[in-house]
Amino acid sequence: MTTNKTKQLLVIGNGMVGQHFIEQWLALQQHSSDWQLTVFAGEDRPAYDRVHLSDYFSDGDADKLQLVADSYYPDNKVQLKLNEPVLAIDRDSKTVSTAKASYPYDKLVLATGSYPFVPPIPGNDQPHCLVYRTIADLEAISASSDGARVGVVIGGGLLGLEAANALKLQGLEAHVVEFAPQLMPVQLDKDGGELLRSKIEQLGVSVHTDKATSSITAGSEQRLQLNFADGSVLQTDLIVFSAGIRPQDALGKDAGLEFGAHGGIAINHQCQTSDSNIYAIGECALYQGQLFGLVAPGYQMARTAAAVLNGDDSHSFTGADMSTKLKLLGVDVGSIGDAHGRTPGSISLRYRNDLLGEYRKLVLSPDGKQLLGAVLVGDNSYYDTLLQYALNGIALPADPQSLILPQSSDKPLLGPAALPATATLCSCHNVSKGAICAALDNGVQDLAGIKSCTKAATGCGGCAALLKSVVEHELSARGVAISTDLCEHFSYSRQQLYHLVRVDGIKTFNELISRHGRGHGCEICKPAVASILASCWNEPVLAKPHVALQDTNDTFLANMQKNGTYSVVPRIPGGEITPAMLISIGKVAEQYQLYTKITGGQRIDLFGATLDQLPLIWQQLIDAGFETGHAYGKSLRTVKSCVGSTWCRYGVQDSVSMAILLENRYKGVRAPHKIKMAVSGCTRECAEAQSKDVGVIATENGWNLYVCGNGGMKPRHADLFATDLTNAQLLSYIDRLLMFYIKTADRLQRTATWMNNLEGGLDYLRDVIIYDSLGLGAELEAQMQLLIENYQCEWRTALNDPQQRARFNSYVNAAAPARSEFGFVSERGQLIPVRQVNSKETTL
Amino acid sequence: MSQLAYVTDTYNAAHSNGIVLCQQTDLVPFSGVAARFGQLAIALFYLPGTDIELYAVSHIDPVSQAPIIAHGLVGESNGEFYVAAPLHKQQYRLSDGLCLSDSSLKLRVFTVKLQQDQVWLLPPME
Ligand code: SRM
Ligand SMILES: Cc1cc2nc3c(=O)[nH]c(=O)nc-3n(C[C@H](O)[C@H](O)[C@H](O)COP(=O)(O)OP(=O)(O)OC[C@H]3O[C@@H](n4cnc5c(N)ncnc54)[C@H](O)[C@@H]3O)c2cc1C
Ligand code: SF4
Ligand code: FES
């Protein structure tokens, strides 16, 4: 029983790299389980995205940064020991110990990362002297900013500037103090540093270079005072040290592992330390005298260590590229390879334009044929191409300067076609162009599919633009998938068809297919065109020319259930309902013995009606004051609400009234897919507005608008779109947004996917909707107004039109079938469909 | 089993000259309606202006056993018409009832014709 002993694999550190190791390891271990994986985390939360740490200050939500759900660990049988740092490693007994217990290991992985270096300046340990590395650090900065006016960052490197931006976002007057004569001395040369400085100063951050801080004392105006070696002083309320990082290598050093002169646990190309049972990966590891302070190399180490531990020796870590591209306070900065031109004999080419604020430098090999490094400030659009030249040793064109000169029309862009198959596109996940092509050949059909199957562009995100261009190029080279044809009957995309309908004023499917299509249509194009026609002209969907185009559910204004009966969903705007209305629903349900359920959308669904019963039921509901809920349509479903200021002690606006107003305004509007909305009365967000296509959250001053969220298969939180809107602004933005979505989305594309696929994404959407960059605003609002004015309850219309009503007869030549023919049984006091075993034999 | 045999027999034997199922005005152009003949539920699809204007197949969905086929959407591919089953969208060719996406599925086909504004159900053609 116990002979088959489980082996212990311990990981110390649940940072980004430690987490990546877990994922890689689990992927390799799918079938065997003779290892127990235990992970020790020094922090009190599971791994999070440190690279995007600063997002904490823009959206205030630390949980969004978490890399995997809490359940990930138990689901995968990984023991995660939160807030249980390892204190010592005993290599003789092969155990590690924490404050709580000792744990034996067979193999051990160190992924302890780095800690921020705080220069030994007297006074550096006072309150309000902080660092910038963990979520806890950011919480401390946030707390310290309370009541503060001025903030100083010590260190003008990459992270320092990011921290300065964070201070600015906190509303502080921000200063950066740098010891070196320029900003970002590691990545940039002198010219680049100067230009960056002037740009950053223009943004209102004060830069002090060549400043050595000799002490920190109490301030007179502000909390603290920095005293510089040159005699000058600077007062501030808080200080963030960002003077570099140091590998967190103490555990390894104490255990007698080999380490570097400047720290870091030495590893070989298999990520093994001097003890072959112990591995080190990420920022705590030192390979051939080099430390790697970026995620991509860390991920490569994680991959290597996981493979080697799994018995696959073919993987190795052979160093990594440290190029970086970033936007600091809105300024593009890029640094590639040998940015300082330290290679003997290297040649440099520079372009500097103080007028435009752009600087670019190339460092070439002595023969001028290869790109060794580059510096970019002001415009990163050159980065991807240059990086590919440098990484893949692609021979430079005869006039390499053309690579950095502006608008030379024949700039030899290194298009996706020119990249060799071996070119690494995504260094975080080590995905080559060849791997992308292979995935496409194996049937992956779009960018989203490529991302999920290769993980490309899901790390730091730096390769996203390049990946997109490669995927699109490869797809079109294959001649297949890029086709946006709706189906074999129309060589147009949904968006193009929408325009044709609008521009030519086309009112019917037949007119459209005879003028712009071929054949007789199918279950793809018919409902799509029906939806476009409805979005443009809002004629009843069951009117004669449209009836044969509708999906079954639209045809019968109800959702067909698994046994062939239908459900009935009356609209209950905002979820508000009077007792009398509630009773009338109850009566109908009772009379027809309909299974009754409260839905996830704050309304009531009645199940099990036969086709012939639908008009009878709806007649009663309409008489009681209900209208159709469009549960069957690609149109507005529900506007969920919380009670808001009417009852709730926290509510700051009347969320129920707003929800009802929105629901009544947009009901019946046909769209490419269903639309859901919600309105919450305060920031506690009881209506879950951030999971909707349109979310509205009350503020003291009005409404915050969130857009493009959804639940369902791939949940996505909505993005904050605009703040403190008046009622009128809110309606105008939603009008425009919905109409623009209707105009431009693909068939069956929810708003989230639509927005993700829009070139320019959220920013572009803001330009169009808020700043009216396309000049479409008034037109979009007018078109929406037309739809609103033409609204009619489809059920009421259908009941009043004998021809439409006749459609609800089950048989044209026989009486309605008894409901019992559909097979019902009783469960918990209600009728549900008989649980069928599927059989293909036809009986009646 | 025996039920099926019974149905087939009635269809074959009793109506050698055909019977009137319903009126042409009961049909909905480019869509389906259901009609009943004894125990049989028949889906009628009316495609005016095409080569074969009227098709009749079983109304019973072979997968769910529910009487719903007439409520599916009619589609065309390369000149052939089919109906997409309402629940799970299998495509059944109207001319022979064959399921285009799963060859183990098939709808029974009936012989029908339009004559003097009436829909006639005829004995099976051999
Ligand atoms: C009844 C209900 C479940 C319940 O018992 O609570 C329900 C039932 C159905 N949902 Fe839903 N959904 C219901 C709330 C939801 C919610 C929750 C919500 O709205 O807050 C979601 C996730 C939120 C979202 O949509 O973003 C939801 C995500 C889906 C999806 C996945 C959408 C996606 O983008 O991934 C589908 C499939 C689809 O629409 O293509 C779906 C489709 C369906 C359909 C229409 C499937 C079908 O075609 O037969 C179900 C039939 C409803 C019927 O027969 O009346 N239902 N469905 C809920 C009706 C709410 C209402 O009052 O209208
Ligand atoms: C603000 C910021 C922005 C950044 N931006 C970028 C960027 O744009 N691109 C980029 O490539 N990189 C960026 N980085 C760097 C990147 O975050 C790191 O390279 C990466 O997180 C390193 O991962 P790691 O797992 O090695 O270390 P970490 O993520 O630091 O994780 C180490 C973990 O180990 C834990 N630990 C330490 N000792 C112990 C112990 N004894 N027991 C248990 N647990 C322990 C720590 O608490 C920590 O949680 C940024 C970093 C910061 C702070
Ligand atoms: S969201 Fe606000 S107003 Fe609405 S119920 Fe919650 S706390 Fe109350
Ligand atoms: S390079 Fe970081 S995600 Fe691709």
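A short reminder: the numbers here are calculations on the coordinates, not readings from a lab. Remember, predicted model here, so these are calculated numbers, not experimental data. As a convention, Cβ positions derive from the backbone with ideal geometry for all residues, glycine included, and neighbour counts pool all protein chains shown.
Two numbers describe the Cα atoms of the range A:321-409: Rg and Dmax, which are 12.3, 37 Å.
Put a dot 7 Å past the Cα of A:S198, heading toward its Cβ, do the same for A:T797, and the two dots end up 6.3 nm apart. Under a 5 Å amide H cut-off, with hydrogens placed 1.01 Å from N, A:W35 pairs with A:K7 among residues at least 5 apart or on other chains.
Distances over 23 Å make up what percent of all Cα-Cα pairs in the range A:263-366?
Of all Cα-Cα distances in the range A:263-366, 46 percent exceed 23 Å.
Expressed in units of 2.2 N^0.38 Å, where N is the residue count, the Cα radius of gyration of the range A:415-481 is 0.96. With r as the distance between the Cβ atoms of A:R352 and A:S314 and R0 = 45 Å, compute the FRET efficiency 1/(1 + (r/R0)^6) and round to 0.05. For R0 = 45 Å, the calculated efficiency reads 0.45. Name the aspartates and glutamates eligible as straight-distance cross-link partners of A:K369: C-alpha to C-alpha under 12 Å, and not fewer than 8 places from it in the same chain. Correct list for A:K369: A:D399.
Within a 10 angstrom radius of each residue's Cβ in A:517-524, how many Cβ atoms of other chains show up on average? Whole number is fine.
Mean inter-chain Cβ contacts per residue within 10 Å come to 5.
Couplings 3J(HN,Hα) of the range A:357-371, computed from phi: x, 10, 9, 9, 9, 10, 10, 10, 5, x, 8, x, 9, 10, 8 Hz, in residue order, whole Hz [Karplus 6.51 cos²θ - 1.76 cosθ + 1.60, θ = phi - 60°; x for Gly and Pro]. Distances between placed amide hydrogens fall under 5 Å for B:L54 paired with B:L47, all partners being 5 or more residues away or on another chain. Taking the helices alone, chain A has a mean residue ellipticity at 222 nm of -9000 deg cm²/dmol, built from -39,500 (n - 2.57) per DSSP H run of at least 4 residues and averaged over all its residues. The angle between the Cα long axis of helix A:655-666 and the longest principal axis of the Cα atoms of chain A comes to about 60 degrees, rounded to the nearest 10.
Each Lys or Arg adds one and each Asp or Glu takes one away; over the other residues whose Cβ falls under 15 Å from the Cβ of A:S71, this sums to -2. Structural descriptor for chain A: relative contact order 7 percent, calculated from alpha carbon pairs under 8 angstrom and at least 6 residues apart. Taking the longest Cα principal axis of chain A as reference, the axis of helix A:16-28 is set at about 60 degrees. Return the subset of A:K562/B:K106; A:K64/A:K455; A:K667/A:K714; A:K468/B:K89; A:K451/A:K634 for which the Cα-Cα distance in this structure is over 31 Å, preserving the input order. Violating the 31 Å limit, Cα to Cα: A:K468/B:K89. Close amide H partners of A:Q66, meaning residues 5 or more places away or on another chain with modelled amide H under 5 Å apart, are A:D49.
Taking 0.36 nm per residue of separation and subtracting the Cα-Cα distance, full extension of the segment from A:T726 to A:T422 would add 104.0 nm. Here the protein assembly as shown carries DSSP beta bridges of which approximately 70% are antiparallel, counting only pairs with both residues inside. Computed per residue of chain B from DSSP H runs no shorter than four, each worth -39500 (n - 2.57), the mean residue ellipticity at 222 nm is -3000 deg cm²/dmol. Taking one quarter of the surface of the convex hull spanned by the alpha-carbon atoms of chain A gives a direction-averaged projected area of 44.8 nm². For A:V541, A:V118, the sequence from fewest to most other C-beta atoms within 10 Å is A:V118, A:V541. Put in line by how crowded their Cβ is, counting other Cβ atoms within 10 Å and starting with the fewest, A:C426, B:C22 read B:C22, A:C426.
Phi angles across the range A:158-165 convert, under the Karplus curve 6.51 cos²θ - 1.76 cosθ + 1.60 with θ = phi - 60°, into 3J(HN,Hα) values of 3, 6, x, 5, 5, 5, 4, 4 Hz, Gly and Pro given as x. In this rough spin-label picture, where each label sits 7 Å from Cα along the Cβ direction, the A:D767-A:H269 distance is 4.7 nm.
Please compute, for peptide A:209-222, the average count of beta-carbon atoms on other protein chains lying within 10 Å of each residue's beta-carbon.
That average works out to 0.
Counting other Cβ atoms within 10 Å as a rough exposure proxy, the listed residues A:I239, A:I89, A:I245 run A:I245, A:I89, A:I239 from fewest neighbours to most.
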